[in-house]
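Bear in mind these aren't lab numbers, they're just calculated from the coordinates by the rules spelled out. Just so it is clear, the structure is predicted and the values come from calculations on it, not from any experiment. Cβ atoms come from the backbone with ideal geometry, glycine included; neighbour counts cover every protein chain shown.
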Amino acid sequence: MTAIIGTKARKTTPAAEDTLDPEELMSRDELEALQLQRLQHTVAYAYERVAMYKKKFDDAGVRPEDLKELADLAKFPYTDKEDLRQAYPFGMFAVPQQEVARIHASSGTTGRATVVGYTKRDLENWETLFARSLRASGVKKGWKVHNAYGYGLFTGGLGAHYGAEKLGCTVIPMSGGQTEKQIQLIQDFEPDAILCTPTYLLTIVDAMERAGLDPAKTSLKVAVLGAEPWTDEMRHELENKLDIDACDIYGLSEVMGPGVAGECVDFKDGSTIWEDHFRPEIIDPLTDAVLDDGQAGELVFTSLTKEAMPVIRYRTHDLTRLLPGTGRPNMRRIGRITGRSDDMIILRGVNLFPTQIEEIALRIPGLSPHFQLEITRPHRMDELTVKIERREDCTAAMAVEASRELQRQIKIHVGSSCKIVVVDPGTLARSSGKLRRVYDLRDNG
Ligand code: DLL
C-alpha cells in the first residue's frame with residue numbers, strides 16, 4: 001500500500017449495510033475467469049452488431065474466436081474518439097433504437113459531439129457501479145447527498161443521481177453553478193455528502209469563506225470528486241478546509257460515465273477499477289504497445305457487459321498507471337490521472353501538465369489552489385506564465401518570496417523556466433464544473 005503523506009484517517013465508520021457485491025469478493029482467478037467469459041461474449045457481440053468493429057477486426061485479420069485467453073485481447077484493434085465521431089450519431093449502437101433507453105453526449109472542445117447510448121440493463125449496471133463507488137468512498141444508505149454535477153447531456157449529473165438513489169440516499173439534484181444557492185441549500189438541507197468536480201468544490205469553499213462562513217462547520221462528511229484531474233495536495237486542501245473525507249471517482253462517457261472506478265475511503269490511494277465490468281490496459285501512447293502494470297502510459301478500456309454501445313480497447317488518452325488492488329485486492333487501481341495526452345503542454349521540448357503545477361504550488365505557503373496557465377509566444381519562443389492567487393493571509397512581501405519559490409520548484413521538478421504572476425485573491429476565473437486551466441494565447445504559430 002502506498003501511504004499518502006498527511007492523509008487523514010476516515011471520519012466515518014463502516015456501516016453494517018456496507019456489504020460488498022459478490023464480484024468485489026471474488027478471488028483474482030475467479031474474477032479473471034468472469035472477465036474472459038464476458039470478454040469473449042462482448043467481442044463476438046460487437047463484431048456481429050456494429051459495422052465499425054466488423055470492419056476493424058476484418059482489416060486487422062482477427063476474429064472473435066481468436067480470443068482464447070485474456071492476453072489475446074492485445075490482438076484486437078484499438079478504438080478511438082475519432083471512430084465514434086465517424087459513426088455520429090448512432091452508428092456505434094449495437095441495439096435497435098427502441099432498445100436504447102437513454103442517450104448522453106459530450107461536446108468536447110473540437111469537432112462533433114460524442115454520442116453514447118444505454119439499454120435499460122446498461123443503466124442498471126451504471127447505477128450499481130456508481131452506488132458501489134459511493135459506498136467505497138464512505139457514503140451510506142439513508143444519507144442526504146447534494147449532487148452538484150451538471151445535469152443534462154453530461155453523464156455526471158444523472159449518473160451520480162441514479163447511483164445515489166440506488167444506494168438508498170436522499171438525492172438533492174442541485175446540478176452545477178449558482179454557487180450562492182448551493183451554499184444556501186448546504187446550510188438548510190444539511191447534506192452528508194457532496195458530489196461535484198474538485199475545482200467546483202473549491203469554488204464553493206471559496207464563496208463560503210467570502211461570505212464569512214466556516215466551511216469546516218457544514219454538515220458534510222464526504223465528497224466524491226471527479227471528472228477532471230486533481231492531486232493529493234488538492235485533496236488535503238479540501239479535506240482540511242471542509243473537515244471531510246474527499247475521494248476520487250473516475251469515468252468517461254464512452255466507457256459508461258462516472259463510476260468506472262471509485263476510491264476506497266480507507267485507503268485513498270487511487271480509484272479501484274470495477275473489473276467485473278471493464279478490462280483495463282495501459283499502453284504506450286506513441287508505440288501502441290501494451291505495458292506492464294505499474295508503468296505509466298495511456299489507459300485503455302474494453303467494456304465487459306455493455307449492451308447498447310460496447311467498446312473494444314477504447315483509448316481514453318488519460319495518462320496513469322495500473323496498480324495492484326488494495327481496498328478490493330482482486331481489482332486493480334488507477335494511480336492519479338496526470339492529465340490527458342491531448343492536454344499536455346509541450347514547452348520548449350518539456351512536457352508539462354497542470355496537475356504538476358497544482359502539486360508544487362499547494363506545497364508553498366501563501367499560494368492558493370486558484371491558478372491558470374497562459375502560453376504565449378512573444379519572441380518566437382513559447383513562454384509559460386503561471387497566474388496564481390495568493391491566499392488572504394499572504395502579504396505582498398510574502399507573495400514575492402512564494403513566487404520565487406514556485407518558479408524555482410517548477411524549474412527543478414518540471415524542468416521548465418516560466419514566469420509567475422501572483423494575483424490578488426478572487427481575481428481568477430472560478431470553476432462551475434470542469435475547470436479550464438490552460439489558456440493558449442499564441443496566435444496560431
Ligand atoms: O467526466 C464522467 C465523470 C463525471 C467522471 C463525474 C467523474 C465524475 P466525460 O465528460 O466523458 O465524463 O469526461 C471524461 O474526464 O477521460 C478524464 O480525462 C476526465 N476525468 C474523469 N474523471 C476523472 C478523474 C466524465 N477522477 C474525462 N480524475 C476522462 C482525472 C478524470 N480525470
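A few notes on this one:
- Relative contact order [Cα under 8 Å, 6+ residues apart], the stretch 380-430, whole percent: 54
- Considering only the Cα atoms of the stretch 355-429, their convex hull presents on average a projected area of 4.9 nm².
- Candidates Gly339, Gly415, Gly349: whichever shows maximal mean-square fluctuation once the chain is modelled as a Gaussian network with Cα springs under 10 Å: Gly349
- Cα-based reach from Lys54 at 29 Å (exclusive), listing lysines while leaving out same-chain residues under 8 positions away: Lys68, Lys75, Lys81, Lys120, Lys306
- In this structure, the amide hydrogen of Cys264, modeled 1.01 Å from its nitrogen in the peptide plane, lies closer than 5 angstrom to those of Asp269, Thr272, counting only residues at least 5 positions away or on a different chain.
- Highest-MSF residue in the chain out of Ala211, Ala296, Ala148 [GNM, Cα springs under 10 Å]: Ala211
- Cβ crowding within 10 Å, taken as a proxy for footprinting-reagent exposure, orders Thr155, Thr128, Thr42 from fewest neighbours to most as Thr128, Thr42, Thr155.
- Per-q log10 I(q)/I(0), the stretch 109-210, q = 0.10, 0.21, 0.23 Å⁻¹ (Debye; single scatterer per alpha-carbon; no solvent): -0.30, -1.09, -1.22
- Projected label distance in nm at Arg340 and Thr427, using a 7 Å step from Cα toward the beta-carbon: 3.0
- Separation of the Glu82 and Gln98 label points, Cα + 7 Å toward Cβ, nm: 3.7
- Added length on full extension, which subtracts the Cα-Cα distance from 0.36 nm per residue, Tyr439 to Val350: 30.3 nm
- Nearest 10 degrees, 0 to 90: helix 120-136 Cα axis against the chain principal axis: 40
- Normalised contact order of the stretch 100-172, rounded percent, pairs of Cα under 8 Å and 6 or more residues apart: 33
- Angle in degrees between helix 396-413 and the longest Cα principal axis of the chain, rounded to the nearest 10: 40
- Hydrodynamic radius of the stretch 286-373 per Kirkwood, over alpha carbon pairs, in Å: 15.6
- Extension gain, Glu180 back to Met52 (0.36 nm per residue minus Cα-Cα distance, nm): 41.4 nm
- Neighbour-limited loop hits for trypsin sites (Lys or Arg not before Pro), the stretch 60-164 (at most 13 other Cβ within 10 Å; DSSP other than H, G, I, E, B): Lys68
- Tilt relative to the chain, helix 232-242 - C-alpha long axis, 0 to 90 degrees, to 10: 70
- Normalised by the number of residues in the chain, the average gap of Cα pairs under 8 Å and 6 or more apart makes the relative contact order 14 percent.
- Likely footprinting exposure, Arg380, Arg404, fewest C-beta neighbours within 10 Å first: Arg380, Arg404
- Note on Gln37 and Met398: the model spin-label points, each 7 Å out from Cα along the C-beta direction, lie 6.1 nm apart.
- Counting neighbouring beta carbons within 10 Å and listing from fewest to most, the residues His104, His146, His379, His317 come out as His379, His317, His104, His146.
- For the pair Asp188 and Tyr151 in one chain, pulling the backbone fully straight at 0.36 nm per residue adds 11.2 nm over the alpha carbon distance.
- Our compactness index for the chain, the C-alpha radius of gyration over the empirical 2.2 N^0.38 Å, is 0.99.
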